[in-house]
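The values are calculated or read from the model by the stated rules, or taken from the named source; none is laboratory data. Being a predicted model, the structure only gives us computed values, none of them experimental. Neighbour counts run over all protein chains shown; Cβ positions are idealised from the backbone, glycine included. With ligands, DNA and RNA removed, areas are computed over all heavy atoms of the protein, side chains included. Shrake-Rupley method; radii C 1.70, N 1.55, O 1.52, S 1.80 Å.
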Amino acid sequence: MNRSKLQFYLIPGILLILIVVIGRHHSYAGLLLWTFLLQGILALSYDFLGGYGGELHLGHGTFFGIGAYVSALMILAGLPWWLSIVLAGLGGFLAALAISPVLIPLQGGAFSLASLVFLFLFHSLSRNLSRLTGGVDGLSLDRVTGMDIWLPCVALLFFLCFYIHDSLADSKFTRELKAVAEDREAAALCGVSGQKIRTEALLLGSTMAALAGGILPIQSSYISLQSTFGLEVALAPVVIVLIGGPGTRFGALSGALLYVGLQEWIWTGIGEWHLALLGLVFILSGVFLPSGLAGLFKIQTKPAPVDR
Amino acid sequence: MIACLQITLGGLFIGAWYGLAAIGLQFILGTTKKVHLTYGHLCLLAALAMSSLPGLLGWSPVFLIPALALSFFCLGWLAHPRALFSKLNRGGSQRSFLLVSLGFALVFEDIGSRIWALPSGLLITRATPWHLGSLTIPVIKSGTFAAGLAGALTLTLFIRKSLWGKAFRAWETAGSEIALVGVDQAGLGKKAMAIGFGFAGLAGALLALSYPVSIQEGLDTTLKALCLAVIAGTLAPLRVLGVGLLLGVGEGWIGMLAGSQWSPVLSYAIFLTILTWRNKSGRQ
């Protein structure tokens with residue numbers, strides 16, 4: 001890693017640690033930070049298949065929900081919280097692996113709908129298997145840890161996701177993903193397997209989302225169908241990436257910052273008409289920012305040097 | 001036996017509504033290639049308007065159904081000016097369109113939930129059902145079924161026989177290349193939206209006659225209609241009605257055999273199977 005690259009990670013890393021320290025002493029700031037970091041992780045993990053892969057992955061929240069339920073069940077079974085998070089990630093990975101033969105061959109609208117149907121399927125399964133998942137009542141846990149644990153934990157995961165997302169931004173992996181998104185057949189002629197690269201992107205993004213879901217029961221001590229497999233939860237990363245600009249280095253992050261900031265401002269500052277105002281922001285963003293915030297500031301991934 | 005027939009009949013009635021609601025979205029999707037996320041909210045707004053307007057204006061529901069369909073047709077025409085279309089068609093069109101339509105869905109949901117805080121419907125129960133032996137046939141739901149069939153047939157004839165229909169079919173197959181032969185895409189887009197919105201108005205108005213609705217179900221309605229539209233394929237109103245009927249009957253039967261809570265699970269499984277099968281046979 002060269003010096004500028006090191007500075008690139010060090011400065012936000014130090015800033016993040018500082019914010020976490022402040023957040024631990026101010027519960028409101030801590031909660032706000034939690035929301036931003038969680039949405040940031042979901043948006044970054046969505047951006048692999050939803051941004052570089054060019055798909056509208058409406059069911060990305062499925063893996064967040066799976067992670068949350070796996071983690072809650074493991075904690076209820078008496079496992080330590082950190083192991084529950086790891087197992088949540090593993091659960092998300094395995095679920096993505098199981099789903100991939102159905103999901104990956106599909107493209108465009110069919111992909112979006114199939115991924116959304118998986119979300120609904122898991123939502124219905126969680127509701128119906130109430131003995132295991134608590135059904136509509138959800139799962140309540142005793143307080144697992146305090147903010148001094150879950151906030152650094154989510155910050156660490158966020159930084160890890162940011163690092164992975166950034167280091168892959170100019171890589172062969174994302175170039176291949178983009179190529180497959182643009183023209184699958186042409187990419188295949190150049191020796192790029194669409195099936196393989198898209199499966200890898202799905203597995204990577206899903207594991208990240210499931211890890212984030214794994215922290216949810218530790219933070220809130222309660223999970224419900226709405227907070228895990230809810231449509232609002234699933235649509236948030238999609239909207240964030242659309243606002244920020246899909247498949248760009250900072251699109252997911254700037255989108256998350258704007259989305260969380262706006263939502264908070266509307267909820268606390270305006271209160272009434274919050275949904276309509278959020279809608280208005282989406283409309284204005286769609287009309288005046290056709291390439292997202294990243295397009296507004298011309299933040300693009302640099303083309304990688306050709307390998308010789 | 002009678003119970004089985006009654007379940008099938010009930011499924012056909014709700015399926016006809018699913019199909020009718022999906023016809024408009026399918027038409028928009030098939031021609032403009034845009035997913036209109038406001039569509040379900042429009043259906044429900046029409047239903048909620050139908051539940052309130054007869055009391056407010058004293059108009060007959062029979063008159064209000066075509067009036068609402070026509071109003072939504074005009075709304076679709078006016079809400080998609082050419083300038084907006086050409087702006088949204090420039091770079092990242094699908095992204096922009098999704099954001100704008102989702103934004104309008106949220107605005108409608110907020111406004112709608114303030115006007116109609118509780119689920120509402122006109123729920124005409126005065127009409128005496130018909131009896132065919134031991135089989136009970138509700139009059140209003142039969143009307144919805146007939147309207148679904150008539151709507152699908154009319155649109156099919158329009159697509160197949162009219163000059164505009166030919167233009168829509170050309171747009172569906174050739175995409176933006178139709179501009180090369182002088183076809184105005186923005187104008188076609190406006191017409192497609194107007195027709196789609198008209199069907200949303202019609203479906204919503206008919207829904208309110210049989211079921212109470214809430215604006216919060218808007219996105220779910222859009223997604224269900226979208227599923228039907230994708231399964232049925234583009235510009236095939238009769239096929240989408242058929243798929244809607246199948247879904248309705250399937251849901252009814254699954255509900256009876258496995259319990260109503262498992263009905264959506266099996267519907268989703270069937271949907272995924274059909275998508276996978278279509279993809280494998282190269283008909284994505």
Distant-in-sequence amide H partners of A:TYR222 (H built 1.01 Å from N, under 5 Å): A:LEU141
Quote to one decimal, in nm, the extra length available between B:LEU153 and B:TYR211 on full extension: 0.36 nm per residue of separation minus the C-alpha distance between them. 18.4 nm
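Can you give the calculated 222 nm mean residue ellipticity of chain B, where each DSSP H run of n ≥ 4 adds -39,500 (n - 2.57) and the sum is split over every residue, rounded to the nearest 500 deg cm²/dmol?
Details: 11 runs with 213 residues, N = 284.
Counting only the DSSP helices, I get -25500 deg cm²/dmol.
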Solvent-accessible area, 1.4 Å probe, carbon plus sulfur percent, for chain B: 69 percent
Taking chain B as the reference, fit the longest principal axis to its C-alpha atoms, fit the long axis of helix B:185-207 to the helix C-alpha atoms, and give the angle between the two in degrees, 0 to 90, nearest 10. 10 degrees
By the Cα gyration tensor axes a ≥ b ≥ c (a/c under 1.5 gives rounded; else a/b larger than b/c gives prolate, otherwise oblate), the shape of the protein assembly as shown is prolate
Which of A:SER291, A:SER171, A:SER100 moves the most in a Gaussian network model of chain A with Cα springs under 10 Å? A:SER171
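Taking 18 Å as the cut-off for C-alpha to C-alpha distance, list the pairs among B:LYS161/B:LYS191; B:LYS34/B:LYS224; B:LYS33/B:LYS190; B:LYS166/B:LYS280 that go past it.
Working: B:LYS161/B:LYS191 16 Å; B:LYS34/B:LYS224 16 Å; B:LYS33/B:LYS190 13 Å; B:LYS166/B:LYS280 30 Å.
Where the Cα-Cα span goes over 18 Å, the pairs concerned are B:LYS166/B:LYS280.
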Checked segment B:171-284 with the C-alpha gyration tensor, a ≥ b ≥ c its square-rooted eigenvalues, rounded below a/c of 1.5, otherwise prolate if a/b is larger than b/c and oblate if not; verdict oblate
Please report how many Lys pairs in chain A have alpha carbons closer than 23 angstrom, counting only residues at least 8 apart along the chain or sitting on separate chains. 9
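What number, in percent, do you get for the relative contact order of chain A if the mean sequence gap of Cα pairs under 8 Å and at least 6 apart is divided by its residue count? All intermediate terms of the calculation are to be shown ahead of the outcome.
Working: 460 pairs, mean separation 93.5, N = 308.
Averaging sequence separation for qualifying contacts and normalising by length gives 30 percent for chain A.
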Roughly how much of A:VAL233 is accessible, in Å² to the nearest 10, using a 1.4 Å probe? 40 Å²
Can you list which of the trypsin sites (Lys or Arg not before Pro) found in segment A:120-197 are DSSP loop residues with at most 11 other C-beta atoms within 10 Å? A:ARG143
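For chain A, just say rounded, prolate or oblate: build the C-alpha gyration tensor, square-root its eigenvalues into a ≥ b ≥ c, call rounded for a/c under 1.5, and beyond that prolate if a/b exceeds b/c, oblate if not. Write out the running numbers ahead of the final one.
Numbers: a/c = 1.41, a/b = 1.20, b/c = 1.18.
Because its axes are fairly even, with a/c under 1.5, chain A counts as rounded.
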Give the average over all directions of the projected area of the C-alpha convex hull of chain B, one decimal, in nm². 16.4 nm²
Report the residue, chosen from B:LEU56, B:LEU149, B:LEU78, that carries the largest GNM mean-square fluctuation when chain B is represented by alpha-carbon nodes joined by springs under 10 Å. B:LEU56
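Over segment A:46-142, calculate the relative contact order: mean separation of alpha carbon pairs under 8 Å at least 6 apart, over the residue count, as a percent.
Numbers: 84 pairs, mean separation 32.3, N = 97.
Answer for segment A:46-142 is 33 percent.
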Here the longest stretch of chain B that holds no trypsin sites (Lys or Arg not before Pro) in a DSSP loop having at most 14 other beta carbon atoms within 10 Å is B:127-282
At 222 nm, what helix-only mean residue ellipticity would chain A give, in deg cm²/dmol to the nearest 500, using -39500 (n - 2.57) for each DSSP H run of four or more? -24000 deg cm²/dmol
Cut-off 10 angstrom, C-alpha nodes, Gaussian network model of chain A. Which of A:GLN219, A:GLN39, A:GLN263 fluctuates the most? A:GLN263
Mind listing the phi-derived Karplus ³J(HN,Hα) values for segment B:7-20, rounded to whole Hz, using 6.51, -1.76 and 1.60 with θ = phi - 60°, and x for any glycine or proline? 5, 4, 5, x, x, 5, 5, 6, x, 5, 5, 3, x, 4
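Once you have the Cα-Cα distance between B:ALA269 and B:MET256, take 0.36 nm times their residue separation minus that, and quote the gain in nm to one decimal. Walk me through the numbers on the way to the answer.
Values: separation 13, 0.36 × 13 = 4.68 nm, distance 1.72 nm.
So the chain would gain 3.0 nm between B:ALA269 and B:MET256.
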Give the accessible area for B:ILE111 in Å² (nearest 10); use a 1.4 Å probe, count only protein heavy atoms, and leave out ligands, DNA and RNA. 70 Å²
Taking Cα pairs under 8 Å and at least six residues apart, what relative contact order does chain B come out at, in percent? 44 percent
From phi via Karplus (6.51, -1.76, 1.60), per-residue ³J(HN,Hα) for segment B:164-177 in Hz, x at Gly/Pro: 5, x, 5, 4, 5, 5, 5, 5, 5, 8, 9, x, 5, 5
